[in-house]
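Beneath this line is the structure, given in structure tokens, with notes to follow.
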Amino acid sequence: IVVGLLGVISAMALGFFVESIKATFTSEQKNLINRDIRQLTAKLSEAARQANFSILYESFEKSDRDSVSDRLLDGNSGDFLVFGFQDEPDLTTSVNAPQPITRLIGYYRAPENPDDPDSMGPVRTFDTGPLPTPSDALDPPSPEELLEDLFSDSPTDEHNAVVELSEGLADKRLFYNLGGRTIMVNGKIVHGVKAKRVTDTYNFTIATRR
């Protein structure tokens, strides 16, 4: 009888211990998700407040960002958001002088499986810093030309990950163009291991000062 009782008590204690570990693990991953959300929100807000414009593309792949026609307009979803910063136009050259781009900041979701754009992946970011003054003030390079000159064809681990894993919820993409000026971030942030994933949804709206 004593041995039987000890067995029951041990089984109950083991079950409680396992459930306690699971609860602790889930809590830790939730904290990491909240950290990602705070970090991403702060960075996006800061970039949007200072940027002159934002452009949304389907992905960071070169074929999705090498032409003006690749820009996604109102009602479209994409995984690559670019913020552009510009100088004041040089009106001494022309009353219609363009504003050269001085800096680009980008955020993109990089699917783990390049052949499956819907797969989970980190959200990476880059900041070009100050860009060289264009040689032709009346015909400065477009954002697409700058991106082509600065970056290779595909996502790279050299860009910092601000979110470990994510899924896009805006038609399976992370960003949604709302009205042409406002961008809605709609995704699922994922933490944990394959055996135990912890997730939370993330919704946030930003607008540049353009």
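Tell me whether region 125-148 contains one or more residues that are over 13 Å from the mean Cα position of the chain (by Cα), open to solvent by less than 30 Å² (accessible area, probe 1.4 Å) and over 20 Å from ILE105 (Cα atoms).
no
Going by the conditions given, is THR208 over 23 Å from LEU32 (Cβ atoms), touching a strand residue (DSSP E or B) at 6+ places or on another chain (Cβ under 8 Å) and buried (at least 17 other Cβ atoms within 10 Å of the Cβ)?
Against the criterion (over 23 Å from LEU32 (Cβ atoms), touching a strand residue (DSSP E or B) at 6+ places or on another chain (Cβ under 8 Å) and buried (at least 17 other Cβ atoms within 10 Å of the Cβ)), THR208 qualifies.
If you go through region 149-183, how many residues are among the β-branched types (Val, Ile, Thr) and either at pLDDT below 90 or on the phi > 0 side of the Ramachandran plot (or both)? Steps first, answer last, please.
Taking region 149-183 and keeping what is among the β-branched types (Val, Ile, Thr), we get 156, 162-163, 182-183.
Remaining after also requiring either at pLDDT below 90 or on the phi > 0 side of the Ramachandran plot (or both): 156.
Residues that pass the stated criteria total 1.
Look at region 190-205 and say how many of its residues are open to solvent by 20 Å² or more (accessible area, probe 1.4 Å) and either under 15 Å from the mean Cα position of the chain (by Cα) or touching a residue at least 60 places away in the same chain (Cβ under 8 Å) (or both).
Looking only at region 190-205, we keep the residues that are open to solvent by 20 Å² or more (accessible area, probe 1.4 Å), and these are 193-197, 199-201, 203-205.
Filter once more, keeping what is either under 15 Å from the mean Cα position of the chain (by Cα) or touching a residue at least 60 places away in the same chain (Cβ under 8 Å) (or both): 196, 199-201, 203-205.
So the answer is 7.
For region 153-172, name all the residues that are open to solvent by 70 Å² or more (accessible area, probe 1.4 Å), closer than 18 Å to VAL82 by Cα and either over 17 Å from the mean Cα position of the chain (by Cα) or hydrophobic (A, V, I, L, M, F, W, C) (or both).
If the condition is that a residue be open to solvent by 70 Å² or more (accessible area, probe 1.4 Å), closer than 18 Å to VAL82 by Cα and either over 17 Å from the mean Cα position of the chain (by Cα) or hydrophobic (A, V, I, L, M, F, W, C) (or both), then ASP153 is the only one that fits.
List the number of the failed condition for LEU104; all other conditions in (1) at pLDDT below 90; (2) not in a loop (DSSP other than H, G, I, E, B) hold.
(1)
What are the residues in region 173-183 that are surrounded by 19 or more Cβ atoms within 10 Å (Cβ to Cβ), more than 18 Å from ASN34 (Cα to Cα) and not hydroxyl-bearing (Ser, Thr, Tyr), if any? Steps first, answer last, please.
Taking region 173-183 as the starting set, the residues that turn out to be surrounded by 19 or more Cβ atoms within 10 Å (Cβ to Cβ) are 173-177, 183.
When the remaining residues are screened for being more than 18 Å from ASN34 (Cα to Cα), the result is 173, 175-177, 183.
The answer is ARG173, PHE175, ASN177, ILE183.
Would you check if there is a residue in region 176-183 being among the aromatic types (Phe, Trp, Tyr) and closer than 22 Å to ASP70 by Cα?
Filtering region 176-183 for residues among the aromatic types (Phe, Trp, Tyr) gives 176.
Now restrict to residues that are closer than 22 Å to ASP70 by Cα: 176.
Yes, region 176-183 contains a residue that is among the aromatic types (Phe, Trp, Tyr) and closer than 22 Å to ASP70 by Cα.
Let me confirm something: among ARG71, ARG35, ARG49, which residue is modelled with pLDDT of 95 or more and either more than 26 Å from GLU145 (Cβ to Cβ) or open to solvent by 60 Å² or more (accessible area, probe 1.4 Å) (or both)?
Numbers: ARG35 fails: modelled with pLDDT of 95 or more; ARG49 fails: modelled with pLDDT of 95 or more.
One residue alone meets the criteria, ARG71.
The values are calculated or read from the model by the stated rules, or taken from the named source; none is laboratory data. What you are looking at is a predicted structure, and each value in this text was computed from that prediction instead of being measured. Every residue, glycine among them, receives a Cβ derived from its backbone with ideal geometry; neighbour counts consider all protein chains shown. All accessible areas refer to the heavy atoms of the entire protein, side chains included, with ligands and DNA or RNA removed. Shrake-Rupley method; radii C 1.70, N 1.55, O 1.52, S 1.80 Å.
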